[in-house]
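Participant: The structure that follows is given in the form of C-alpha cells.
The values are calculated or read from the model by the stated rules, or taken from the named source; none is laboratory data. The shown structure was predicted, so the numbers you read here are calculated from the model rather than taken from an experiment. Every residue, glycine as well, gets a Cβ built from its backbone with ideal geometry; the counts of neighbours run over all protein chains shown. In case anyone asks, the SASA skips ligands and DNA or RNA and just uses the protein heavy atoms, side chains included. Shrake-Rupley method; radii C 1.70, N 1.55, O 1.52, S 1.80 Å.
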Amino acid sequence: MTNSGQYVIELRHVSCRYGRGRPLAVNDLSIGLRAGVKTAVIGANGAGKSTLFRLMTGLMKPEKGKVYFEGRELAYRGKAMHTRQAAVAMLPQNPDDQLLCSYVEDDVAFGPKNMGLSDKEVDERVDDALFRTGLTELRKSATMRLSYGQRKRVAFAGVIAMRPRVLILDEPTAGLDPQMASEVMEIAEQLYRGGTTVIISSHDTALTYAWADEAAVLRRGRCVYTGPQENFYADPDQVYLAGLVRPPVFSINAGLADLRGGNADPYPHTGAQLVGKLVGRTGRTVPVRVLPVQADCTAEQIKAAVAASAVPDAVLGIYGMSVRKVPEIVSVGIEYWTDGPEHCMLESLNGRPSMLLCDPAMVPAVREQAVFLQRYALGTEIEMLPALTAGPGCRTDGKTG
C-alpha cells in the first residue's frame, strides 16, 4: 500500500492526567501517525500507550496541547464528535470493556445502529464482520458464555462493522492461543489491505517487528522515537531505556553480522527472510504458486485446481479469511493453516513445491513478503495462477505472469 506521508492523527504538546492532583499520564507528548502505514506503538507498562489511544479516539481530552484528526483539531461534542467516532475505532485489550449486548449479533450491530444506518446496511455489515472474524455460526450465542478468545473476536467484529478509516488495536493478541493470535493479525492485515490505517500496541516485539512498517516508541509519557523499526533497535541504550528487548530476528541478524564482519543491512523481519539471507543463493528454490480463491468457491473446485496445477505433492498453505471460510476447506489437505506465506516461502527455500490458497485481497501482501527474498536472498519467486471463482466458467488451470 502506498504511504501517503500525511498524518492521519497528530498530537502536539499534549499533557493529561487521570483526575485532579494525580501525576501526568502523558507529558508534552508530540507524535504524528501517518495514513496508510502499519504502525506499532511500543513501550513498557506505564509508558502512556493506552492513554495515547484514548486521546486519539477522543475518549480523553488533553489538559494542554491539541489533537488533530486528518488535519483538523478534534471536537469533543456535537456532530463532529460523532463523525470522528465513526472514523476512528479502538479494540481494547480486555474485550469485556467493549461488549454491551447479551447476544453476539446484537453486540456487533450496536455500533452501526448508533451511526444511524438503515436496517439493511446494518445487517450487511454484521454479516460481513461475523464472516471476517469466523463467528457466523455463533451469531445467536450469548456473549458471556463464550471463551475469552471468542469474546475478543466479538469485540473485533464490533469495530470492523463500523468500518473505520483508522483502527487501533490495543494488545490484540493478549490472552489468545498462538493460532487465534495469528488469525487476528491476519484479519488486521486484511483490513489494512482494504484501505484501513491500522495501529497496534503490543509487548511482543517479535510480532510488531514482523508486522509493522514503522514504530512509535513511548517512554514516561513522551514519544522518544518514530520511524523504521531497525533504526530504533540498532541503539541498545534506547531499547533498554524504553523497557523493551530486541526482536529475536533482529538480534540473530545483528549477532551474525558481528561474527562474520558483514553488514546487518538489509534487515530481515521474518524467519523466512532471515533464513534466506543466511543461506544465500543455492539454485534449489522453486516458485511459490499462489492460487487466489473467492469465498463462493467450493472445496471440490479447489481440489480440482490444485490437481490441474501440474505440481505433484505440493504443500498447501492458506491465507485470508475468504478462502479460510470455504465450506469443507478442511478436506482439501491444508498443511499450513496459519502464517501460510511464511511457511510456503520456507518450503521454497528448501526446494520443495508449495501452493498458497489466498484471498484475492491478500495477494499484494504475499508479493511484498517475497520482495526481500527476491532481492537479497535466494530469489524466491511468486507464480500466480488464475483466480478461482465459483460457477461453470471457473478456470482452474494455466498460468499468468
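Participant: For residue 71, only one of the following conditions fails: (1) in contact with a strand residue (DSSP E or B) (Cβ under 8 Å, 6 or more places away or on another chain); (2) free of Cβ contacts under 8 Å to residues at least 60 places away in the same chain. What is its number?
Facilitator: (2)
Participant: Okay, next question. Taking the stated definitions as given, is residue 310 part of a helix (DSSP H, G or I), hydrophobic (A, V, I, L, M, F, W, C) and surrounded by fewer than 20 Cβ atoms within 10 Å (Cβ to Cβ)?
Facilitator: So residue 310 fails the test.
Participant: So which residues in the stretch 290-307 are in a loop (DSSP other than H, G, I, E, B) and either β-branched (Val, Ile, Thr) or over 28 Å from residue 129 (Cα atoms) (or both), if there are any at all?
Facilitator: Listed by number, the list holds a single entry, 298.
Participant: Moving on to the next point. Taking the stretch 130-151 only, how many residues are among the hydrophobic types (A, V, I, L, M, F, W, C) and assigned to a helix (DSSP H, G or I)?
Facilitator: 4
Participant: Moving on to the next point. So residue 347 clears everything in (1) at pLDDT below 85; (2) more than 22 Å from the chain's Cα centre (by Cα); (3) under 23 Å from residue 211 (Cα atoms); (4) open to solvent by 10 Å² or more (accessible area, probe 1.4 Å) except one condition, right? Which one?
Facilitator: Result: residue 347 passes all but (1).
Participant: Is it true that some residue in the stretch 20-43 is at pLDDT below 90, under 21 Å from residue 213 (Cβ atoms) and either out of contact with any strand residue (DSSP E or B) (no Cβ under 7 Å at 6 or more places or on another chain) or of a type in the set (S, T, N, Q) (or both)?
Facilitator: no
Participant: Check the stretch 167-176 and report whether any residue there is within 23 Å of residue 109 (Cα to Cα) and among the charged types (D, E, K, R).
Facilitator: yes
Participant: Any idea which of (1) closer than 30 Å to residue 360 by Cα; (2) surrounded by 18 or more Cβ atoms within 10 Å (Cβ to Cβ) is the one residue 194 doesn't satisfy?
Facilitator: Of everything listed in (1) closer than 30 Å to residue 360 by Cα; (2) surrounded by 18 or more Cβ atoms within 10 Å (Cβ to Cβ), residue 194 misses just condition (2).
Participant: Right, another one. Would you be able to say whether some residue in the stretch 330-340 is closer than 30 Å to residue 128 by Cα, open to solvent by less than 40 Å² (accessible area, probe 1.4 Å), part of a loop (DSSP other than H, G, I, E, B) and not hydroxyl-bearing (Ser, Thr, Tyr)?
Facilitator: Yes, that holds for at least one residue.
Participant: Next question, about the same structure. Condition first: open to solvent by less than 20 Å² (accessible area, probe 1.4 Å) and part of a loop (DSSP other than H, G, I, E, B). Can you find one or more residues in the stretch 69-78 that meet it?
Facilitator: The answer is yes; a qualifying residue exists.
Participant: Would you confirm whether or not the stretch 292-304 contains a residue that is of a type in the set (A, V, I, L, M, F, W, C), modelled with pLDDT of 90 or more, over 27 Å from residue 235 (Cα atoms) and open to solvent by 20 Å² or more (accessible area, probe 1.4 Å)?
Facilitator: Yes, some residue in the stretch 292-304 is of a type in the set (A, V, I, L, M, F, W, C), modelled with pLDDT of 90 or more, over 27 Å from residue 235 (Cα atoms) and open to solvent by 20 Å² or more (accessible area, probe 1.4 Å).
Participant: Among the candidates 227, 221, which residue alone is over 19 Å from the mean Cα position of the chain (by Cα) and open to solvent by less than 30 Å² (accessible area, probe 1.4 Å)?
Facilitator: Matching residue, one of 227, 221: 221.
Participant: Take the stretch 81-109 and flag every residue that is surrounded by 15 or more Cβ atoms within 10 Å (Cβ to Cβ) and either at positive phi or without any contact (Cβ under 8 Å) to a residue 40 or more places away in the chain (or both).
Facilitator: Result: 84, 85, 94, 105, 106.
Participant: Which one of 122, 217, 154, 184 is among the β-branched types (Val, Ile, Thr), part of a helix (DSSP H, G or I) and touching a residue at least 40 places away in the same chain (Cβ under 8 Å)?
Facilitator: Sole residue among the options that is among the β-branched types (Val, Ile, Thr), part of a helix (DSSP H, G or I) and touching a residue at least 40 places away in the same chain (Cβ under 8 Å): 154.
Participant: Residue 155: more than 14 Å from the chain's Cα centre (by Cα), of a type outside the set (Asp, Glu) and open to solvent by less than 20 Å² (accessible area, probe 1.4 Å), yes or no?
Facilitator: Taking the combined requirement at face value, the residue satisfies it.
Participant: Could you tell me which residue of the stretch 368-398 is modelled with the lowest pLDDT, considering only residues that are out of contact with any strand residue (DSSP E or B) (no Cβ under 6 Å at 6 or more places or on another chain) and outside any loop (DSSP other than H, G, I, E, B)?
Facilitator: So, considering only residues that are out of contact with any strand residue (DSSP E or B) (no Cβ under 6 Å at 6 or more places or on another chain) and outside any loop (DSSP other than H, G, I, E, B), the one modelled with the lowest pLDDT is 376.
Participant: Follow-up question, since we're still on this one. Limited to the stretch 122-152, what total is found for residues that are small (Gly, Ala, Ser) and either open to solvent by less than 20 Å² (accessible area, probe 1.4 Å) or within 20 Å of the chain's Cα centre (by Cα) (or both)?
Facilitator: Result for the stretch 122-152: 3.
Participant: Name the single residue, out of those in the stretch 237-264 being assigned to a loop (DSSP other than H, G, I, E, B) and in contact (Cβ under 8 Å) with a residue 12 or more places away in the chain, that is farthest from residue 225 (Cα to Cα).
Facilitator: For the stretch 237-264, the residue satisfying everything is 264.
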